[in-house]
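I'd like to ask you about the structure that follows.
Each reported figure results from applying straightforward, stated rules to the coordinates on display, with no laboratory input. Everything numeric here is computed off the predicted structure, so don't read it as measured data. Virtual Cβ from ideal backbone geometry, glycine too; neighbours counted across all protein chains shown.
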Amino acid sequence: MLEKRLINGNEALGYGALYADCRCYFGYPITPQNEVVEFFARELPKVGGVFVQTESEVSSINMLYGAAATGVRAMTSSSSTGFSLMQEGISTLAASELPCVIADVQRGGPGGGNTQTSQMDYMQVTRGGGNGGYHNIVLSPASVQETFELVQLAFCLADKYRHPVIILTDAIIGQMQEGLELHRLDFGPLPDKKSWALTTVGDHDDPGRFIQNAPGILGSYRDYMIRITKKYQEMTEKEVRYQAGHTEDADLIVVSFGSSARSSLWAYHQARKEGLRVGFIRPITLWPFPTQIIRAAAQHTKKFVVVEDNLGQMLRDVQAAVQDKAEVHLVGIAHRHLVTSSGMIFPKTVLQEVKRLI
Amino acid sequence: MPQIDHPERELLCGGPESYTGLPTMYCPGCHYGTVARVICEAIDELGIKKQAIGVAGVGCHGFMIGTIATDFVFALHGRGPGVATGIKRSQGGKPIVFTIQGDGDLAAIGMGDIINAIGRGEKLTTIFCNNAGYGTTGGQMAPTTLLEQVTTTTPTGRDPQVAGYPIHVAEMLAMLRGTAYSARGALTSRKNYNQTKKFLNLAFQKQMDGIGYGFVEILSACPSTLHMPPNKALKWVEEYMIAEYPLGEFKNVKEIL
């Protein structure tokens, strides 16, 4: 029988990691993701896991690097400003091809911004964020249940590609309470880590392994770049995920991710009830981006509305996908119901804009 | 290493067991090759090669990754103690984890990392290579640069009014409760070499016995950035560095209360 809980998205991150057999977490407190740190501090010792409260996000990501080098499933989490502090480390994890999971529960930016919600880290996570032009798969849940499931998927994809995977949520997804069905997802067999994990010379037969974070210092840099580019191509071909409705039969399509997609989904359903030919696309992977479904839809749909709680970031990816074949409008932070940091893009606002633009 | 493949020749001396056999990447007269050797010898004497994982930082010391035949992780600049924590803890405390860090890596960009690792009570060992300057990047000032020492960023000599004072890391870390062992050695003579090896043995032993953090600072010569021939660089360490940074043990406890 499935176990059911009423919990928030931050704790769902924790449960997802436990159900994925993650046994190492390194984290530093920052609002609005403190429940994640507290969850692991409480739960990991019960299952023989490792929890370390670090002295900084810089330290969190570097402990994660050490743990991932030994082949165990490990993760960290933070929120926007703290996530920014991790960028050098995330670039290093990508360069070293170490599987791990990093969650960013977004708060307002830029800088310290505010402690409440926003979706302003889209560009940072989808373009890499650190130096060197790497890519990480970015998973964007829109509910507590989906957070729980995508964390499990994240560990699978990390192991599959030997690469860091980012979970991008925000203060709304992280703080809201929803019903959660706890169940373990099975993704089938994954590559064995024994061929590369650092477990001491006494444990494996190699004369001394090393994890190299600077691929250009030893070995062939060009071959490395070619190989890593092929990996990114493979991710782009195989790992695109999205939710879509009525994309074949729409005069206007709403494109939205994460918490904004919850407002957008209601507006889409309501518009359809009212007989409006409105479609809906919710990218679940923000990188790789579902370019093809949007490009295909732009052959017959001439208007797109991007709903995101920022100044227009995913907007650029949608514009690139439609290739000037359709208009692309933004419902962004200017559409929040309050001028203070407590403002949100309400479902009725999205519906109003859809009706105005269609 | 060591090995000999000639039937009529007997091996009289050779490299340590845990030496990879690869040439070092250091400039003539650099002490870092000797630092690598003394670490290898300590690892051999303790018989821990098969249980050890090293963490190298950014700087010339990082090239020891190719010299010491244990598993190794290249850490980001200054982050060795954090990476070592991740390795040690994720493996249930089993492996013997050591970091090798230079004076820029540990005393400048990574000072917070080592202090907090000791503060958390980690059971790790750190070998701190102090050559009083930045070698890899061409001879700039480090936190350990001596007063009046000329570097490319203190072209008229380190003036304390502008560039501050040398940091005595071994003494400073000895003050932390989580430190079980802290010492400073040099490699300028056979006597100093042997003493440094003894310090390293003890610093590893504190980790192996689960007592606390083990730390050894090793004074080293960088002839290239001192613009001195190797013999003069060695004399410079003896005359000036040891005068500023006294050799010896600053902490050695059997248990931390």
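Once amide H atoms are placed 1.01 Å from N in the peptide plane, what residues at a sequence separation of 5 or more from A:V105, or on another chain, have their amide H within under 5 Å of its amide H?
For A:V105, whose amide H was placed from the backbone, the distant partners under 5 Å are A:S78, A:S79, A:S80, A:T169.
On to the next question. Of all DSSP beta bridges in chain B, what percent run antiparallel (nearest 5)?
Of the beta bridges lying entirely in chain B, close to 20 percent run antiparallel.
A further question on this structure: Straight distance only, please: which lysines reach the Cα of A:K348 with their own Cα at less than 20 Å, same-chain residues fewer than 8 apart left out?
Counting by Cα, and skipping residues close in sequence, A:K348 has these lysines nearby: A:K273, A:K303.
Of B:I127, B:G138, B:T153, which is farthest on the positive side of the dipole of segment B:67-168, counting Cα position, with +1 on Lys and Arg Cβ, -1 on Asp and Glu Cβ, and the Cα centre as origin?
Looking along the dipole axis, the top candidate is B:I127.
Take the residue pairs B:K50/B:K251; A:K46/B:K123; B:K94/B:K232; B:K123/B:K235; A:K238/A:K302 and return only those whose Cα atoms are more than 32 Å apart.
Working: B:K50/B:K251 28 Å; A:K46/B:K123 23 Å; B:K94/B:K232 43 Å; B:K123/B:K235 35 Å; A:K238/A:K302 28 Å.
Cα-Cα > 32 Å for B:K94/B:K232; B:K123/B:K235; rest within.
Here is a follow-up. In degrees between 0 and 90, to the nearest 10, how far off the longest principal axis of chain A does helix A:221-238 point, with axes built from Cα atoms?
Compared with the principal axis, the helix lies near 40 degrees.
Under a 10 Å cutoff between Cα atoms, tell me which one of A:T169, A:T126, A:T199 has the largest fluctuation in the Gaussian network model of chain A.
Looking only at A:T169, A:T126, A:T199, the largest GNM fluctuation is found for A:T199.
At 222 nm, what value in deg cm²/dmol follows for the protein assembly as shown if DSSP H runs of at least 4 each add -39500 (n - 2.57) and the sum is divided by all its residues, to the nearest 500? Walk me through the numbers on the way to the answer.
On the way: 21 runs with 214 residues, N = 615.
That comes out to -10500 deg cm²/dmol.
Per residue of A:209-215, how many C-beta atoms from partner chains lie within 10 Å of its own C-beta, taken as a mean?
6
Right, something else. Under a 10 Å cutoff between Cα atoms, tell me which one of A:V278, A:V105, A:V165 has the largest fluctuation in the Gaussian network model of chain A.
A:V278
Considering only DSSP beta bridges where both residues belong to chain A, give the percentage that are antiparallel (nearest 5).
Around 30 percent antiparallel, to the nearest 5.
Now, a different point. Given a Förster radius of 41 Å and the C-beta distance between A:F346 and A:T229 as r, what FRET efficiency does 1/(1 + (r/R0)^6) yield to the nearest 0.05?
It comes to 0.45.
Let me know the charge dipole size of the protein assembly as shown about its Cα centre in debye, to the nearest 20, where only the beta-carbon of Lys, Arg (+1) and Asp, Glu (-1) is charged. Could you put the intermediate results ahead of the total?
Working: 56 positive and 59 negative charges, 125 e Å.
Taking the Cα centre of the protein assembly as shown as origin, the dipole is about 600 debye.
Which angle between 0 and 90 degrees, to the nearest 10, do you get for helix A:87-96 versus the longest principal axis of chain A when only C-alpha atoms count?
So the helix axis and the longest Cα principal axis differ by about 60 degrees.
Scan chain B and note any complete DSSP helix (H) whose C-alpha atoms cover at least 18 Å along its axis and whose Kyte-Doolittle average is -1.0 or more. Write down the numbers at each step before the final one.
Working: long enough: B:32-46 (21 Å, 0.66); B:190-208 (27 Å, -1.38).
The answer, listed by residue number, is B:32-46.
Quick check: net charge around B:R184, other residues with Cβ under 13 Å of its Cβ, Lys/Arg +1 and Asp/Glu -1?
Numbers: positive: B:K198, B:K251; negative: B:D103, B:E171, B:E217, B:E244, B:E249.
Every neighbour counted, the sum reads -3.
Give me the aspartates and glutamates in straight-line cross-link reach of B:K88: C-alpha distance below 16 Å, same-chain residues under 8 apart excluded.
Correct list for B:K88: A:D203, B:D71, B:D113, B:E122, B:D209.
What is the mean number of Cβ atoms from other protein chains located within 10 Å of the Cβ atom of each residue in peptide B:59-71, rounded to a whole number? Intermediate results must be reported in sequence, preceding the final value.
Details: counts 0, 0, 0, 2, 2, 0, 6, 3, 0, 1, 4, 8, 16.
Taking the mean over all residues of the peptide, I get 3.
May I pose another question? Can you check what the net charge comes to around B:F128, using other residues whose Cβ is under 10 Å from the Cβ of B:F128 (Lys, Arg +1; Asp, Glu -1)?
So the surrounding residues net to -2.
Just add up the charged neighbours of B:E255: K/R +1, D/E -1, any other residue whose Cβ is under 15 Å from the Cβ of B:E255.
That works out to +4.
For segment A:275-301 and segment A:154-180, write down the distance between their C-alpha centroids in whole Å.
When both Cα centres are located, 22 Å separates them.
Another question about this same structure. What residue among B:F215, B:I100, A:V101 has its Cα farthest toward the positive end of the dipole of the protein assembly as shown, where the charges are +1 on Lys, Arg and -1 on Asp, Glu, each on the Cβ?
In the protein assembly as shown, that residue is A:V101.
While we're on this one: Amide H of B:T99 versus every other amide H placed in the peptide plane: which residues, excluding those fewer than 5 positions away on the same chain, fall under 5 Å?
Residues meeting the amide H criterion: B:V55, B:T125, B:T126, B:I127.
Sticking with this one: In whole Å, how far is the Cα centre of segment B:131-193 from that of segment A:1-17?
Cα centres, segment B:131-193 to segment A:1-17: 51 Å.
Compute the acute angle (0 to 90°) between the alpha-carbon long axis of helix A:57-69 and the principal axis of greatest extent of the alpha-carbon atoms of chain A; round to the nearest 10°.
Approximately 60 degrees, to the nearest 10.
Counting DSSP beta bridges in segment A:243-357, what percent are antiparallel, to the nearest 5?
20
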